[in-house]
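Everything on this sheet refers to the single structure shown next.
The values are calculated or read from the model by the stated rules, or taken from the named source; none is laboratory data. None of the values given here were measured: they were computed from a predicted structure. Because the Cβ atoms are built from the backbone with ideal geometry, glycine has one as well, and the counts that use them run over all protein chains shown. The protein model used for the area step is the full one, side chains on, heavy atoms only, and it has no ligands, DNA or RNA in it. Shrake-Rupley method; radii C 1.70, N 1.55, O 1.52, S 1.80 Å.
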Amino acid sequence: MHGRLKIKTTAEQAAEKQKEREEKRKLYLGGITKAFEKRSSGVHDEEGLKITAQLLAANPDATTLWNFRREILLAMKGDDQEAWEKLLTGEMTAVESCLMKNHKSYGAWHHRCWVMQNLPSPPWIAEIALCDKYLKADERNFHCWDYRRFVVAGSDHKPEDELKFSLQLIEHNLSNYSAWHYRSKLLPVVHPPPPNTPHPISENALIEELQTVVEAVFTDPSDQSPWFFLRWLVNRQEKTPRMLQVGYMHCNDDIGTLICVFSQPVPKQDVPKVKVDGAEYDETLLWYAPNNENFSSVWVTKIELLSTEAHSITVNINDSMCKTLSITPGLTHTIEWVTSLEVCGEELSDMTRSMLEEVKENCVTLDELDPYNKWVLLTLVDVMWALDSRTHHEEIDNYLSQLQKLDPLRNKYYADMKSKLAMETALKDHRMTAEIGSKFKLSGSSLTRITFSHLLANINFIDLSCNDLTSISPLRNLVACRVLILDDNKIWNLAPISAVTALETLSLKNNKIEDVEQLKVLQMLPALRELFINSNPICGDENMEENVSKVLHQLKSLTLR
C-alpha cells in the first residue's frame, strides 16, 4: 500500500466540491451583505470599490452592484481631472476582467459605456480594437455589436470604414447575420437614397449590393443570412407619407363629410388646410380619426355647404399634395386621387428594373438547382412584388402556395401574404377601372386579414363575403360605406363596425354571431336600416327576432332566416 496514490471515491470528491461551493457561497453572501450595508449607510469608499470588484468578478450580471459602483465613483470624483481619468482607466480594466468571465454580460457592457461617457479622453480607437477581439471570439455577440455602434458614433471613425469591416466579416463567414444586419444600417448612411424613392439606398449602391449578395446566395443557397439582406434590398419602402386621395360625401341638409386618405399614418397636426370656393374655411374644422388614435391614415371632418349651390373644396398640405374637389348641386359623393398607388408614387427606373429582372432569373435558376428552398421562393415573391404585384399576381400566389406546403409552421403568415396580394391587386384594378363611388368586391379570395383598408375609406359599397375573416378591426376606416357585405366568414366581434356611422345595410350571413350582446354595438349606427344575420348560431333562438328588434330600434328590415 505504501507509495501508491490514494484515489478519492466519487462520494468524497462530491463532498469536497460541495464544501468548496459552500465556502464560496458564504464569502459571496458576506460580501453582498457588506456592500448593501455600505450602500444603505451612504458610505462610498475604496473598500466599497474593492468589494464590488470581487463580487462582480464572480458574477458580472449583478446589476445592483454595478449601480452601487457608479455611485461610489461619482462620490469620489473631485476637481483633479488627472486623478479622475486614472480612476476610470482602472475601471476599464476591471470591466474587461468581468467580460472575460461573461462576454455577454448586460451590466458589464452598460458600465463600460458609462465609463467611456465620463472619461475626459475616451480611448475610442482602442475600444474599436477591443470590439474586434470579442467579435472574433463570438461574431454574434449582440452586446459587443451594440457597443461597437456606440464607440463608432462617439469617435471620428468613418461609416465607410465600418462598411468595409462588415464586408470583411461577411467574406470570412457568409453566415454572419450580424454583419449583414450592420451593413443594412450603414448603407443608407454612406449611400443615402434620393428623396421620394422606393429604394433603401442610392440606385448605384443598390445595383452593386444586389450583385454582391446574389453571389453570396449562389455560394450557399441554404444559408439564410444573405437571403434576409437580399429581401431587405428588393423590398420597396415608403419613407414619408403622401396624401393619396380626398373625398366628399353629402350626409344630410347642408352637412357633408370631407375625407383625406394618406399612404401612411400621420398625426392630427399634419392634416391639410381647407379652402372653400377659394377662401380659407371660416369655421374651425374638427378632424378626427376613425380609429380614435393620434396617428391615422384616414382623417375625417364635417363641413357645411349649401347643397343647392356649386362649390369647390381645395385640400392642401404643400405643392405636391394639393387637390380640388368640385361639388355640384345634388352631388352626393365625389373622390379625387392626389398621387398614384405606387410606393413613393414612382415607377422603378429602367436600370433597377433590369437588375431586379436579373435577380428574378437567378432565383428561378436556383429554384431549379435547389428545389424546396423556402428562401429562394420567398425572395422570388419579394422580387416580383417589387417589380409589379399586379402583373405577377398568379406567379406570386403560386409561390406562396408552395411555401404553405413547404413551411407549414408558418402557414398563416403565407396566408396573410396572399390576402395582402389579393387586396392590393383588387385595389389597383379598382383604381384604374372604377367610377366614382362604384362597388368594391373581393369575395371568395380566401382573405385571412384585411389590408389597405384606408384605401376603402371613400367607397360606399363593399363586398368581402366568402372569405376566412375572423378580425375586422381595419373596417373602422370605412367612413363612407353605406352597404357592407360580410357573409360567409368567421366573424364574431362586431365592435369595429360601430365606427362605420354612414352604414345603412349590413349583411352578416353565416358567421359566428351567437347572441344579442354581440349585436348591441350596432346601436351606434344611426343610419342602419337593413340587417341580415341568416345562418348564424343566434338564429336558433325562437324569440331572437323580437330580442334583436328591441336592441336595434333603428332597423326597418331584419332577416334571420
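The set of residues in segment 390-429 that are in contact (Cβ under 8 Å) with a residue 24 or more places away in the chain, open to solvent by less than 60 Å² (accessible area, probe 1.4 Å) and of a type outside the set (A, V, I, L, M, F, W, C) comprises HIS393, ASP397, ASP407, ASP416, LYS418, SER419, GLU424, THR425, LYS428, ASP429.
Please verify whether HIS191 is in contact (Cβ under 8 Å) with a residue 60 or more places away in the chain, under 23 Å from THR352 (Cβ atoms) and open to solvent by 20 Å² or more (accessible area, probe 1.4 Å), treating the condition exactly as stated. Criteria not met by HIS191. Inclusion of ALA205 among residues that are within 30 Å of SER349 (Cβ to Cβ) and touching a His at 6+ places or on another chain (Cβ under 7 Å) is warranted. When you check GLU96 against the structure, is it free of Cβ contacts under 8 Å to residues at least 24 places away in the same chain and among the acidic types (Asp, Glu), yes or no? Against the criterion (free of Cβ contacts under 8 Å to residues at least 24 places away in the same chain and among the acidic types (Asp, Glu)), GLU96 does not qualify.
The listed residues are LEU486, LEU409, LEU447, LEU421, and the only one of them that is within 26 Å of the chain's Cα centre (by Cα), hydrophobic (A, V, I, L, M, F, W, C) and closer than 30 Å to THR332 by Cβ turns out to be LEU447. Among the criteria (1) of a type in the set (A, V, I, L, M, F, W, C); (2) part of a helix (DSSP H, G or I); (3) modelled with pLDDT of 90 or more, the one VAL43 does not fulfil is (2).
Filtered by the rule that a residue be open to solvent by 10 Å² or more (accessible area, probe 1.4 Å) and more than 17 Å from LEU369 (Cβ to Cβ), segment 210-223 gives GLN211, THR212. Between a first residue in segment 480-500 that is touching a residue at least 12 places away in the same chain (Cβ under 8 Å) and part of a loop (DSSP other than H, G, I, E, B) and a second residue that is surrounded by fewer than 20 Cβ atoms within 10 Å (Cβ to Cβ) and basic (Lys, Arg), which pairs have beta carbons less than 7 Å apart while being 6 or more apart in sequence or on different chains? Final answer for the pair search is ASP487/LYS509; ASP488/LYS509; LYS490/LYS512; ILE491/LYS512; TRP492/LYS512.
Counting only helices (runs of 4 or more DSSP H) that sit wholly inside segment 154-223, not one has at least 1 residues that are in contact with a Cys (Cβ under 7 Å, 6 or more places away or on another chain). The residue of segment 453-479 that is farthest from LEU525 (Cα to Cα), among those that are part of a helix (DSSP H, G or I) and among the aliphatic types (A, V, I, L, M), is LEU455. Return yes or no: is GLU346 acidic (Asp, Glu) and over 26 Å from the mean Cα position of the chain (by Cα)? No; evaluated as a whole, the condition is false for this residue. Scan segment 134-153 for residues that are in a helix (DSSP H, G or I) and buried (at least 16 other Cβ atoms within 10 Å of the Cβ) and the total you get is 10.
Could we say that MET384 is over 25 Å from LEU469 (Cβ atoms) and surrounded by 15 or more Cβ atoms within 10 Å (Cβ to Cβ) here? The answer is yes for MET384. Residues that are open to solvent by 90 Å² or more (accessible area, probe 1.4 Å) and under 30 Å from ASP61 (Cβ atoms) were ranked within segment 77-95; the one that is nearest to the chain's Cα centre (by Cα) is THR93. Does MET417 satisfy the criteria of being of a type in the set (A, V, I, L, M, F, W, C) and either over 22 Å from PHE229 (Cβ atoms) or out of contact with any helix residue (DSSP H, G or I) (no Cβ under 6 Å at 6 or more places or on another chain) (or both)? No: the conditions fail for MET417.
Taking the criterion of being closer than 20 Å to ARG112 by Cα, among the hydrophobic types (A, V, I, L, M, F, W, C) and free of Cβ contacts under 8 Å to residues at least 40 places away in the same chain, the residues of segment 33-57 that qualify are LEU49, ILE51, LEU55.
Looking at LEU348, LEU306, LEU331, just one residue is farther than 16 Å from TYR248 by Cβ and aliphatic (A, V, I, L, M), and that residue is LEU348. Counting the residues of segment 449-460 that are open to solvent by 40 Å² or more (accessible area, probe 1.4 Å) and at negative phi gives 1. Being outside any strand (DSSP E or B) and not aliphatic (A, V, I, L, M): is that true of ASN316 here? Spelling it out, it is not the case that ASN316 is outside any strand (DSSP E or B) and not aliphatic (A, V, I, L, M).
Scanning segment 331-352 for residues that are open to solvent by 70 Å² or more (accessible area, probe 1.4 Å) and touching a helix residue (DSSP H, G or I) at 6+ places or on another chain (Cβ under 8 Å) yields a single hit, MET351. The residue of segment 250-265 that is nearest to TRP180 (Cα to Cα), among those that are in a strand (DSSP E or B) and open to solvent by 10 Å² or more (accessible area, probe 1.4 Å), is GLN264.
Reported count of residues in segment 226-249, each being in contact with a Phe, Trp or Tyr (Cβ under 7 Å, 6 or more places away or on another chain) and open to solvent by less than 10 Å² (accessible area, probe 1.4 Å), is 6.
Screening the candidates LYS50, LYS38, LYS26 for the property of being under 29 Å from LYS133 (Cα atoms), part of a helix (DSSP H, G or I) and over 43 Å from the mean Cα position of the chain (by Cα) yields one hit, LYS50. Quick check, is ASN477 in contact (Cβ under 8 Å) with a residue 40 or more places away in the chain, open to solvent by less than 30 Å² (accessible area, probe 1.4 Å) and touching a Ser or Thr at 6+ places or on another chain (Cβ under 8 Å)? Yes; evaluated as a whole, the condition is true for this residue.
Tally up the residues in segment 105-133 that are open to solvent by less than 20 Å² (accessible area, probe 1.4 Å) and either under 18 Å from ASP61 (Cα atoms) or in contact (Cβ under 8 Å) with a residue 40 or more places away in the chain (or both), please. Residues flagged as open to solvent by less than 20 Å² (accessible area, probe 1.4 Å) and either under 18 Å from ASP61 (Cα atoms) or in contact (Cβ under 8 Å) with a residue 40 or more places away in the chain (or both) within segment 105-133 amount to 7.
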